[in-house]
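This report refers to the structure that appears directly beneath it.
The values are calculated or read from the model by the stated rules, or taken from the named source; none is laboratory data. A quick note: this is a predicted structure, and the numbers were derived from the prediction, not measured. Quick note on the areas: whole protein, heavy atoms, side chains included, nothing else; ligands and nucleic acids left out. Shrake-Rupley method; radii C 1.70, N 1.55, O 1.52, S 1.80 Å.
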Amino acid sequence: MAAIRHTLQREVFQPNDERLLAVMHVSKVLKKKKISYLCLAVTMETPICITIYQVKKNDKNVLKKKRSWQLNTLRVVDGRVASIDCNDLDLHFEKVFRWYCSNIQERQNFVILLWKQCCIHLPKERPEFRNLPEDWVGDPGLLPETQVILTPGFVEPTEAEDYHALTEREQQDLDKLMSSCGFAISNAEAFMEMIAKDLSVLDGENVQSVLASQEQVEMLMTQIEAALSEVDVVETRLNMYEEVISHVRDALEKMEEKNSLINIVNCNNQKLLAELENVIFQLELDGKHQAALTDADLTSTTGLLDAIAAGKALLNAMNAEIHPALLRMAAVQEQRKRFDKWKAKFSQTISRHLNNLFIHLGNDAGETLSFHANELTLPRHESIHGELEVYAELMHWMKAMDRKAYTALMRVYTNAISKLYDRDIKQFFEEAKLRISGLRTDKKGKGSGSREDLAGKFKQGAANVVSGVSGGAASGTPTLLLGVERDQWGIDAASSAERRRFDEVLERVLAQLEPVCLAEQNFCISFFQLDVLSPTTKNTQTTLDGLIAEGAGVAREDIDPSVPLKRAEKQVNEEVRRMMSDLFGCIEPELVNFVSHYEKVDSFYCMYVLVRLSQHVMSAQDTGSFLSMSFASALVQVKRNFDRFMQAQLRSIEETRPNRKGTCGILPFVDNFEDFARTSEEIFKNSERRTDLEKWYTKLVSAMFDTIPRIASEHTKTPSEVVKMENYHHLFALLSHLKISVLDSLRKEAKQRYNDALRAYVTQYFGRPLEKLNQFFDGVQAKVAQGVKESEISYQMAFSKQELRKVIKEYPAREVKRGLVNLYRKVEKHLCEQENLLQVVWRAMQEEFIQQYKSVEDLIQRCYPGSMIALEFTISDILEFFSEIARSH
């Protein structure tokens, strides 16, 4: 073990100027075969640093430090069992390391040294030592001796408190002593003997000096005794003086206390006087104000101004900042009762006057909708606002002083004024319907009759329109469906001029509603002070209401806690919206009925409404206002109607059935899609809701792609490939012309499907006009595939030159032309005239025939070289046949 210690010291710690204090053989609890060394080391230079290392041998059998922990990071040393014979030891750093010690003596030595170092260097932050024998972790001076490795040049570190530096005087004396003895350094023993002799001489001299001064000491003692006697005399006199003066001091203290109490009384009286004067000043109400409160004249300007001033004075007096203790005073309570009487009288006067005024304004016709105006205009009732504006401060006073009366006045106002707005808005929407139907013109007020006549005409015209639509329209189903026949597309639909009028009138309606609602909302907020939250739920908001009921002993306070800013804003917005909803409750139902009426006539109107309503909702400055919320609610319903309309279009495409009376031709939904898309593009041009339309574009065209093959397979009189070819061609041309970017990929797909259908039709119906010749050469190619050389084919009996000539004679030019004429007639019957694809198909068949011709000629040249065998017609003859047949038809 000693050899291992010296090896560790020499190879591991000495190069780093460290000294090994303790070491023990350890292994992990579950890996006892892998031995390492747990070492406790200290630095040789200050500052002293104690470190715990784990040292292991590497692959080259060289000792290396694997881990290290500073002593101040050690938290717990756990022996697991308080027994000397235990081999386990746990060290708790940031994580727990569990060791198995091979040697019990090494474990004891390591723990004791670790405890000593912790006591020396970590006296306050010493780690916890638990489950260890008590004699290992006791007083460091009483612990058993441990083996410590000594290293040359090592000095045991000492505590800083044991070292005291020489003073300057001591340093000078030491230098003087050593300079007087030249041999102090060369002969230390002689120097020490000399110092000892001098010390003994000095001691003797000190003893002699003490013995010689005994007489002087006795004289000093006599004088001290005499001085003590004099001190006793002086002390007796001082006690007598103090007894005399104590009576004077008591008298002065009593006088000082009385003066202090007098000053306090005077100060309190002054403060009380000032407080009473302040109370009287704040609670005093001028006689002029008292008269205005009891007999207010709200019909004249002067009386109104006096009433407002008196109300403010009463409000200030009842909200005076008075100490709660002063509220108990009988005078204050009496004055409060007078205030309550004046407040009740004044509140009653204001309520009666404003109540009558609100009812009068609600019954007065005032500004009415002009049916012969140049433009469609909704009255704003600014005259009513102007007439009520002068009473705003009185209404604010009512809110603070009489909440019940204030709430009742608000109810009367909303009931009275809402009748005006209900009347105006209903007439406004009726006028809008007349202008859309064309029964009302915009030419400088020239109408087409009285209001009653126009209303009758409008109802009659609307009834005719509704009766002309299908039963599905009456129940809300769109009348213009992509799946209907072309001759039915557009029946009973509003004309483009009427649609434009609807769009213009709708924009005018929405634009007129906004300023009217905004003006009324601003007036209500200002007049009824809706933007100010009430700090209390009581009927009257005054500081004098904090009085304590006689005999109760409990303050009658009912003040709400402070409300957060966001919550306060939410409460204000809700109160404003609630009042606006009472005033304009008819806006949303009238707007929804207006839109629903025209959607039943022409479902394309839902697109106009969606675009216009979205613009107004998105451009609203206050998204939380009543009108914005109403528009948003209507917009949700309009968006549902739009989706329902598009879903009906999609369903009409999916439910389309083939026309079995004749050829299929262009399917209705393909033919009608152009008008549908053009109308939609015109409506959604530069609209933020265009993405909704584009989503439905994709669904509708995709549904067309799925429906065309189904109808093609179900139609009995037209080949399926012709149905696909014509409809895909028409759809491709339409999408190319519309140039809708979101449909670009579907446009390419339509072109691909058209080309595939064209090739399939040509392959199926053109077939192989030289069938026997093709069958002959199919046999030739089969022989070649079996290994027969092309030059030896003519030696086969079935494929000799004579057999080839017989087959060629069956296809003279005249017969070939007759077959092409019959084929042309068949193709002509299959195709419809609308798409003009006959010449395209005919050219594709021509190319197919020429390709087959070249294939046969090539096989003849390869398999029958030099035989002078050829078909009876050439490519030029084929081109002439096709051209002549096309011209003749």
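So what does S200 come to for accessible area, using a 1.4 Å probe and Å² rounded to 10?
70
Quick one: check the C-alpha center-to-center distance for segment 703-745 versus segment 600-624, whole angstrom.
Segment 703-745 and segment 600-624 have Cα centres spaced 33 Å from each other.
Whenever you get a sec, compute what percent of the accessible area on segment 288-437 sits on carbon and sulfur atoms (1.4 Å probe).
Carbon-and-sulfur percentage of accessible area, whole number: 51.
In the full protein assembly as shown, how much of M240 is accessible to a 1.4 Å probe, in Å² to the nearest 10?
Approximately 110 Å² of M240 is accessible to the 1.4 Å probe.
Taking Cα pairs under 8 Å and at least six residues apart, what relative contact order does segment 1-136 come out at, in percent?
21
Would you mind getting the accessible area per residue of segment 1-80, heavy atoms of the protein chains only, 1.4 Å probe, in Å²?
Computed with neighbouring chains in place, this is 55 Å² per residue.
Relative contact order of segment 288-437: what whole-number percent is it, with Cα pairs under 8 angstrom and at least 6 residues apart?
After rounding, I find 26 percent.
Just to confirm my numbers, what's the Cα centroid distance between segment 631-655 and segment 852-888 in Å?
The two parts, judged by their Cα centres, are 61 Å apart.
Can you grab the distance from the C-alpha centre of segment 1-68 to the C-alpha centre of segment 292-306, Å, no decimals?
103
Got a sec to turn the phi values of segment 350-360 into Karplus ³J(HN,Hα) couplings, 6.51 cos²θ - 1.76 cosθ + 1.60 with θ = phi - 60°, whole Hz, x for Gly and Pro?
Each residue's phi maps through the Karplus curve to give 5, 4, 5, 5, 5, 4, 5, 5, 4, 5, 5 Hz.
Can you pull the accessible area of D139 for me, 1.4 Å probe, Å² to the nearest 10?
90
Apply the Karplus curve 6.51 cos²θ - 1.76 cosθ + 1.60, θ = phi - 60°, to the phi angles in segment 741-757 and return the couplings in whole Hz, x for Gly and Pro.
Residue by residue, segment 741-757 yields 4, 5, 9, 5, 5, 5, 4, 5, 5, 4, 5, 5, 5, 5, 5, 5, 5 Hz.
If you roll a 1.4 Å probe over the heavy atoms of the protein chains, what accessible area per residue do you get for segment 288-437, in Å²?
Result: 47 Å² of accessible area for each residue.
Keeping all protein chains in place and using 1.4 angstrom, which order do C267, C664 fall into by accessible surface area, from largest down?
Most to least solvent-accessible, the answer reads C267, C664.
Enumerate the calculated ³J(HN,Hα) couplings along segment 759-765 in order (Karplus 6.51 cos²θ - 1.76 cosθ + 1.60, θ = phi - 60°), each rounded to whole Hz, writing x wherever the residue is Gly or Pro.
Using θ = phi - 60°, the values come out as 5, 5, 5, 4, 5, 6, 9 Hz.
Taking amide H positions as placed in the peptide plane 1.01 Å from N, state which residues far from R67 in sequence (5 or more) or on other chains have amide H under 5 Å from it.
Q54
Taking H placed 1.01 Å from N in the peptide plane, check which residues at least 5 places from V76 or on another chain put their amide H under 5 Å from its amide H.
Sorted by chain and number, the residues that satisfy this are H92, E128.
Among the listed pairs K33/K57; K34/K65; K739/K829; K341/K404, which have their C-alpha atoms separated by more than 25 angstrom in this model?
Result: K739/K829 exceed 25 Å.
Can you list the lysines whose alpha carbon sits under 16 Å from that of K337, skipping same-chain ones fewer than 8 residues off?
Partners found: K345.
Given an 8 Å cut-off on Cα distances and at least 6 residues of separation, report the relative contact order of segment 767-888 as a percent.
The value is 37 percent.
Two decimals, Cα atoms only, Kirkwood Rh: what is Rg/Rh over segment 1-136?
Ratio of gyration radius to Kirkwood radius: 0.94.
Based on Cα coordinates alone, diagonalise the gyration tensor for segment 195-283, multiply each eigenvalue by 5, take square roots, and list the semi-axes in whole Å, largest first.
74, 26, 4
Students sometimes get this wrong: rank L40, L326 by accessible area, probe 1.4 Å, all chains present, largest first.
Descending order: L326, L40.
Excluding residues on the same chain fewer than 8 positions from K426, give the lysines whose Cα lies under 18 Å from its Cα.
Straight-line reach from K426, under 18 Å: K457, K459.
Compute for segment 288-437: radius of gyration divided by Kirkwood radius, i.e. Rg/Rh, restricted to C-alpha atoms, rounded to two decimals.
Dividing the radius of gyration by the Kirkwood radius yields 1.17.
What ranking of V807, V233 comes out by heavy-atom accessible area, probe 1.4 Å, highest first?
Sorted descending by solvent-accessible area, the residues read V233, V807.
Starting from the Cα coordinates of segment 767-888, work out the convex hull volume and express it per residue in Å³.
About 102 Å³ per residue, rounded to a whole number.
Of all the accessible heavy-atom surface of segment 1-136, with the other protein chains kept in place and a 1.4 Å probe, what percent is carbon and sulfur?
Answer for segment 1-136: carbon and sulfur cover 47 percent of the accessible area.
For segment 767-888, give the percent of accessible area contributed by carbon and sulfur heavy atoms, probe 1.4 Å, rounded to a whole number.
Within segment 767-888, the accessible surface is 48 percent carbon and sulfur.
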